[in-house]
Amino acid sequence: MEIINVDAHITAIDHNLLGVPGVGVTYVVRGETVALIETGTSLTVPHTLAGLEKLGVRPEEVEHILCTHIHMDHAGGAGYLAAALPRATVYIHSTSVPHLVDPSKLVPSVRRAVGEAAWPLHGDIKPIPAERLLPAEELRLDLGRDVVLAAIATPGHSPDHLSYRDLKSGGLFIGDAAGLIMDHWGLAFPVTPVPTYNLVAQRNTIALLRGMNLPRIYVTHYGPHDDVDFQLERAHAKLEELVDLTEKALDAGESDTIALAAEWIRCPDDSPAVTMARSWSEMSTAGMLRYLKKQRSAQG
Ligand SMILES: [Zn+2]
């Protein structure tokens, strides 16, 4: 578990997502009280708790746990974190609140989306009592000491996707809204998973983010980035590249998601990130194929 200092009031805990350092973080935002942004999976929770201890944050100080969206690596650990942090309220888009109260419908669909090879790396979900959950889409959270977090809708990657603006730094916690950015492995691409991916919404979201003149984005996969224009331009370009490749494959009557992913993303073969990169790029080509196929059959 590594601690990344970002600002005086923001720290990132690398929680060893998928068993690999450099893949996922939980952000710790501190005013008079403490908020966590992103939970990782159930398997990353011990690393996050160890990180909080190292930072000198007592469990009772954490009053808020914010999830950008319902996927396992963003909200999967919420139930275990809530159990360990007795005063914390969990926030997520209202449409996803029921899934954290009763995960039984969610789990099989996530399992299909991530594939059997990567599934054991995603842990399980502990249900959260309804009284500890609140809808996040109108959230404006005053943590004290001028630290305020405000939600904005950033759908596309998933329909429930929210980002949280830190009004003190002006930066935005963008979850997966613009995909993953892992320059340490030469990987950066939008993640467009089945079954709820929406291209129109994600194009609008990336355009919205590009128009916000953000000084910094706090990416969940992975870390803070100040070269915001470059990162968002690249996310846009990589998304359009995937659209073009997928359209061509459909024209040719092909639907091999693995071949398509290999054409789109060159995975670093000898890197610890290879399982993640394969899984997420194949999840993306499967999501885009399904999305564009549906568009075609709706038009035809
Ligand atoms: Zn996601």
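The values are calculated or read from the model by the stated rules, or taken from the named source; none is laboratory data. Just so it is clear, the structure is predicted and the values come from calculations on it, not from any experiment. When we count neighbours, we look across all protein chains shown, and the Cβ atoms used for this are built from the backbone with ideal geometry, even at glycine. For the accessible areas, the whole protein counts, side chains as well, though only heavy atoms, and no ligand, DNA or RNA atoms are used. Shrake-Rupley method; radii C 1.70, N 1.55, O 1.52, S 1.80 Å.
Assorted remarks:
- Close Cβ contacts (under 9 Å, 6 or more residues apart or on different chains) running from residues in segment 157-178 that are closer than 14 Å to THR205 by Cα to residues that are away from the ligand (no atom under 16 Å from the Cβ) and among the small types (Gly, Ala, Ser) comprise ASP160/SER94; LEU162/ALA151; SER163/ALA151; TYR164/ALA35; TYR164/ALA150; TYR164/ALA151.
- Among the residues making up segment 208-228, those that are outside any loop (DSSP other than H, G, I, E, B), open to solvent by less than 60 Å² (accessible area, probe 1.4 Å) and either touching a Phe, Trp or Tyr at 6+ places or on another chain (Cβ under 6 Å) or within 20 Å of LEU242 (Cβ to Cβ) (or both) are LEU209, TYR218, VAL219, PRO224.
- Criterion violated by HIS47 - all others in (1) within 16 Å of the ligand (Cβ to nearest atom); (2) open to solvent by 20 Å² or more (accessible area, probe 1.4 Å) satisfied: (1)
Here's the yes/no breakdown for (1) part of a loop (DSSP other than H, G, I, E, B); (2) open to solvent by 10 Å² or more (accessible area, probe 1.4 Å):
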{"position": "ASP7", "(1), (2)": "yes, yes"}
{"position": "ILE13", "(1), (2)": "no, no"}
{"position": "LEU18", "(1), (2)": "no, yes"}
{"position": "PRO21", "(1), (2)": "yes, yes"}
{"position": "VAL28", "(1), (2)": "no, no"}
{"position": "THR39", "(1), (2)": "yes, no"}
{"position": "LEU43", "(1), (2)": "yes, yes"}
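- Selection count, segment 69-99, where residues are part of a helix (DSSP H, G or I), away from the ligand (no atom under 15 Å from the Cβ) and either in contact with a Pro (Cβ under 7 Å, 6 or more places away or on another chain) or over 16 Å from GLY123 (Cβ atoms) (or both): 5
- Residue that is among the small types (Gly, Ala, Ser) and in contact (Cβ under 8 Å) with a residue 60 or more places away in the chain, where the choices are GLY287, GLY253, GLY300: GLY287
- Restricted to strands (runs of 3 or more DSSP E) entirely inside segment 121-191, those with at least 3 residues that are within 16 Å of the ligand (Cβ to nearest atom) are 162-166, 172-175, 180-182, 187-189.
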